[in-house]
Amino acid sequence: MRDRILVTISAPLIVAGLLAAALAVGQTPEGRKTARLATPKAATGKKWRTPWGDPDLQGSWSNSTTTPLERPAKYAGRALMTPEELAERRAAERAANAKRDDPGQPPSGFAWFEGGAPDGRTSLIYDPPDGKIPALTPEGQKRQADLNKNFQRARNNGPYDGPEDMEIRTRCFIRDPLPRVPGGYGNSYEIVQAPGAVAIYHEAIHDTRIIPLDRRPHLNPNVRQWFGDPRGHWEGDTLVVETTNFNDQTSFQASTQNLHLVERWTRTADDRIDYTFTVSDPATWTKPWSAAIPWNKTGPLYEYACHEDNIDMYGILTGARANDQKTAEASKKGTK
């Protein structure tokens, strides 16, 4: 996929307009276990507040990290690296980044790379304690196998019978399903708040989630959306968001549209937010699981344009049909 950033319209202006529109228009989420990340100590007693008194999460943030989602086998039974292991890991990543930036090296496949750095933990997952995604149900295993086939098809550039066979990010619908786990790039967010609502703008493919805080009930279960139906509230200084009503066009780690997602954002320093999520879906995993990802302050975001694969669609499908015809002709000759 070939993506570009166009430095034109500032993201906060876009989000502020959407947020104002959403505000023109109570279900309490259940409590969830949270993780305590190792964070720098903030100024004693400091609180971040908006002019109307809500905890202030606003600004540009990045969740880039090279800490893996699941715990590698070599760290089994350990939530943290030793100082020596962390230093060795950081040195290896610095060397890899320097090599990636070398103009003499072949392209990495990314238009740019923002992998972040390890934070000393052995996995983003903290529950279950083994740092692993719980076992998949038989249904979940089948869906995961189908997702793996689609992934390989994308890696092999086809064959495609139609645009529906392509990944949602290739078609520029959304970047990724929720919750967002950091990758090689596209890990930046802008948080904008107003009385009664929070908007979270994702840099890649200009996704924006607008989260009402007025305790309104969730939408009818028949109404399904790309980012589900979020409902938020404050628990002290923590924003808690429960999301349901996902559609069947996305899947997080083989989940179904009945995924239940609970997220928490807590500001712990001028340049730091601690973020956690818990996902549950009895049709996919044998039990819920949770991960913790630090969000760090970053520079301003700008409009992200994603059109090239849509423009390429004609050529991609024309090539696929030409290959079909060639195969059919070869088969016809072989039967004579």
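The values are calculated or read from the model by the stated rules, or taken from the named source; none is laboratory data. What you see is a predicted model, and the numbers here were worked out from it, not measured in a lab. No Cβ is skipped: glycine too gets one built from the backbone with ideal geometry, and neighbour counts run over all protein chains shown.
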message: Every residue in the stretch 122-166 that is under 21 Å from the mean Cα position of the chain (by Cα), under 19 Å from ARG321 (Cα atoms) and not in a helix (DSSP H, G or I), please.
response: MET166
- prompt: For the subset of the stretch 171-188 comprising residues that are buried (at least 21 other Cβ atoms within 10 Å of the Cβ) and either in contact with a Leu (Cβ under 8 Å, 6 or more places away or on another chain) or at pLDDT 95 or above (or both), which member is nearest to HIS233 (Cα to Cα)?
  reply: LEU178
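Quick grid of which residues meet (1) at pLDDT 95 or above; (2) under 16 Å from PRO182 (Cβ atoms); (3) among the charged types (D, E, K, R):
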{"site": "ARG49", "(1), (2), (3)": "yes, no, yes"}
{"site": "GLY59", "(1), (2), (3)": "yes, no, no"}
{"site": "PRO107", "(1), (2), (3)": "no, no, no"}
{"site": "PHE110", "(1), (2), (3)": "no, yes, no"}
{"site": "LEU124", "(1), (2), (3)": "yes, yes, no"}
- prompt: In the stretch 135-160, what residues are modelled with pLDDT under 85 and in contact with an Asp or Glu (Cβ under 9 Å, 6 or more places away or on another chain)?
  reply: ASN150, PHE151, ARG153, ALA154, GLY158, PRO159
message: Which of the numbered conditions does TRP226 fail, given that it passes all the others? Conditions: (1) closer than 27 Å to PRO134 by Cβ; (2) in contact with a Leu (Cβ under 6 Å, 6 or more places away or on another chain).
response: (2)
- line: For the stretch 238-272 the number of residues that are closer than 22 Å to PRO217 by Cα and modelled with pLDDT of 95 or more is 20
- prompt: Among the listed residues TYR275, TYR314, which satisfies the condition of being of a type in the set (Phe, Trp, Tyr), in a strand (DSSP E or B) and either over 20 Å from ILE174 (Cα atoms) or modelled with pLDDT of 85 or more (or both)?
  reply: TYR275
task: Please verify whether the stretch 151-173 includes one or more residues that are touching a Phe, Trp or Tyr at 6+ places or on another chain (Cβ under 7 Å) and β-branched (Val, Ile, Thr).
output: no
statement: Condition set hydrophobic (A, V, I, L, M, F, W, C) and assigned to a strand (DSSP E or B), scope the stretch 176-198, selection nearest to the chain's Cα centre (by Cα): answer is ILE191
statement: Within the stretch 199-221, the residues that are assigned to a loop (DSSP other than H, G, I, E, B), within 20 Å of TRP265 (Cα to Cα), at pLDDT 90 or above and not basic (Lys, Arg) are LEU213, ASP214
